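The values are calculated or read from the model by the stated rules, or taken from the named source; none is laboratory data. Quick caveat, the model's predicted, so the values are computed rather than measured. Note that each Cβ is placed from the backbone with ideal geometry, even for glycine, and that neighbours are counted across all protein chains shown.
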Amino acid sequence: LAGVAGYEGEVPEAAPERVRAYLRRLVDLAADFDKAGRFRGVEEIVVSAGGSAWFDAVADVFAGIPGLSLPVLKLLRSGAYVSHDDGRYREVTPFNRVPEEGALEPAFRLWAQVVSRPSAGQAFANAGKRDAAYDLDLPVAQVVRRDGVERPATGVTVTGLSDQHTWLSTTPEADVEVGDWIGLGLSHPCTSFDKWPLIPVAEADGTVVEYVRTFF
């Protein structure tokens, strides 16, 4: 046995004190195991937790881990902060609780091209469930690009995903044509990492400068 690990992200009715209470129990478990001699033969004791909604609480509680018989490796496993998102983690980021500490900016944007405009209230783009995370929230239409010019995706709403297509509802003020590109904000970075083993990294003007390989 090398340590203990937990995940506080699904604590029922999560609130700061409930989450911290769970984390303190995890620390107490490590201390009890240490007293019982269960960490014999290792060089350090691993104590690990941390999703991307409560990493502030993990850091606070782990800072108070008492002295054990061996050095303690405090392992924070948060990952969604790397890219953040425009959905779930925008809602639950710890920075919402402490806005004076700063903020995370979403880095993922999926570009899909409009391939059909069958009616004034409907359009389809060429990205679907194979491309976009949809397990927590549908993508959000953010911008429209035409002839190299971007503008807000006013009146454009993602209503569903097929295997390879995005269903778009369009209101009268929506200016969308076949060939336009729709920039989609995504929810749940973990699923995006899973779907995209090779992620292009782009500069602000859209120029791809490198690729990131994921092993998810």
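Of note:
- Here THR159 meets the list (1) surrounded by 13 or more Cβ atoms within 10 Å (Cβ to Cβ); (2) part of a strand (DSSP E or B); (3) polar (S, T, N, Q) almost entirely, failing just condition (1).
- Members of segment 138-156 found to be surrounded by fewer than 16 Cβ atoms within 10 Å (Cβ to Cβ) and hydrophobic (A, V, I, L, M, F, W, C), listed by number: VAL149
- Which listed residue is at negative phi, assigned to a loop (DSSP other than H, G, I, E, B) and of a type in the set (A, V, I, L, M, F, W, C), from VAL176, VAL143, VAL115: VAL176
- Matching residues in segment 74-94 - criterion: being within 17 Å of ASP56 (Cβ to Cβ), part of a loop (DSSP other than H, G, I, E, B) and small (Gly, Ala, Ser): SER78, GLY79
- The C-beta contact set for segment 29-41 (first residue in contact (Cβ under 8 Å) with a residue 24 or more places away in the chain and of a type in the set (D, E, K, R), second residue surrounded by 15 or more Cβ atoms within 10 Å (Cβ to Cβ) and not in a helix (DSSP H, G or I), distance under 6 angstrom, 6+ apart or interchain) comprises ASP34/LEU68.
- If you check ASP180, ASP131, ASP135 for being at pLDDT 95 or above, in contact with a helix residue (DSSP H, G or I) (Cβ under 8 Å, 6 or more places away or on another chain) and either of a type in the set (Gly, Ala, Ser) or surrounded by 15 or more Cβ atoms within 10 Å (Cβ to Cβ) (or both), only one passes: ASP131.
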